[in-house]
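Asker: Take a look at this one; I'll ask things after.
The values are calculated or read from the model by the stated rules, or taken from the named source; none is laboratory data. Bear in mind that the values here come from a model prediction, so they are computed numbers and not experimental data. A quick note on method: Cβ atoms are made from the backbone with ideal geometry, for glycine too, and the neighbour counts reach across all protein chains shown.
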Amino acid sequence: MPERNIPALRAAIAAHAPDLLADFEANWRAKIADTYDIGAAPAFLARWWGEYALARDPELDRHVRDLEERAAQTADPDKAKALLEEAAQIHGRVSLLGPGE
């Protein structure tokens, strides 16, 4: 993982997960650049830190997306809850990764 700041994260996305870059840039404009809301920067960084952490591990990323898709498609609320909890645990773990990990 890069240094935990927006410019370093953007550079890492551009270099190692370029398929995320357009969404990163669009979200940056919508949440911060166009609104001048620098208070939104910590939430922006947290979201994209996790997105990049998952993108670095395509198998884990596919697993999380599969859990979320299966949760959206099931009619069983208990099953959906279990699937989303598993996905949330993975999101939580990757959000704790530090620079250099």
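Asker: Taking GLU101 as the residue in question, decide whether it is at pLDDT below 95 and exposed (fewer than 12 other Cβ atoms within 10 Å of the Cβ).
Answerer: When the stated conditions are applied, GLU101 passes them.
Asker: Further, regarding this structure: So ALA15 clears everything in (1) surrounded by 12 or more Cβ atoms within 10 Å (Cβ to Cβ); (2) closer than 22 Å to GLY98 by Cβ except one condition, right? Which one?
Answerer: The single condition ALA15 does not satisfy is (1).
Asker: Answer yes or no: is there a residue in the range 66-84 that is under 14 Å from the mean Cα position of the chain (by Cα) and either assigned to a loop (DSSP other than H, G, I, E, B) or closer than 22 Å to ALA8 by Cβ (or both).
Answerer: No, the range 66-84 has no match at all.
Each row is one residue, and each column tells you yes or no for (1) modelled with pLDDT of 95 or more; (2) closer than 23 Å to ILE90 by Cα; (3) touching a His at 6+ places or on another chain (Cβ under 8 Å).
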residue	(1), (2), (3)
GLU3	yes, yes, no
ILE6	yes, yes, no
ASP19	yes, yes, no
ASP23	yes, yes, no
ARG29	yes, no, no
ILE38	no, no, no
ALA41	yes, yes, no
TRP49	yes, yes, no
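Asker: Here is a further query. Of everything in the range 8-17, what is in a helix (DSSP H, G or I) and either under 13 Å from the mean Cα position of the chain (by Cα) or modelled with pLDDT under 95 (or both)? Give them in sequence order. Write out each step before concluding.
Answerer: The initial filter retains those residues of the range 8-17 that are in a helix (DSSP H, G or I), namely 8-16.
Scanning the range 8-17 gives LEU9, ARG10, ILE13.
Asker: For the range 85-100, indicate whether the set of residues that are within 17 Å of GLU3 (Cβ to Cβ), in a helix (DSSP H, G or I) and polar (S, T, N, Q) is non-empty.
Answerer: Kept after step one, since they are within 17 Å of GLU3 (Cβ to Cβ), are these residues of the range 85-100: 94-100.
Next, from what is left, pick out any that are in a helix (DSSP H, G or I): 94-95.
Checking the rest, the ones that are also polar (S, T, N, Q) come to 95.
Checking the range 85-100: at least one residue is within 17 Å of GLU3 (Cβ to Cβ), in a helix (DSSP H, G or I) and polar (S, T, N, Q).
Asker: Got a sec? Which of ALA55, ALA43, ALA26 is under 28 Å from GLY100 (Cα atoms), surrounded by 13 or more Cβ atoms within 10 Å (Cβ to Cβ) and either free of Cβ contacts under 8 Å to residues at least 60 places away in the same chain or not small (Gly, Ala, Ser) (or both)?
Answerer: Numbers: ALA43 fails: surrounded by 13 or more Cβ atoms within 10 Å (Cβ to Cβ); ALA26 fails: surrounded by 13 or more Cβ atoms within 10 Å (Cβ to Cβ).
Residue meeting the stated conditions: ALA55.
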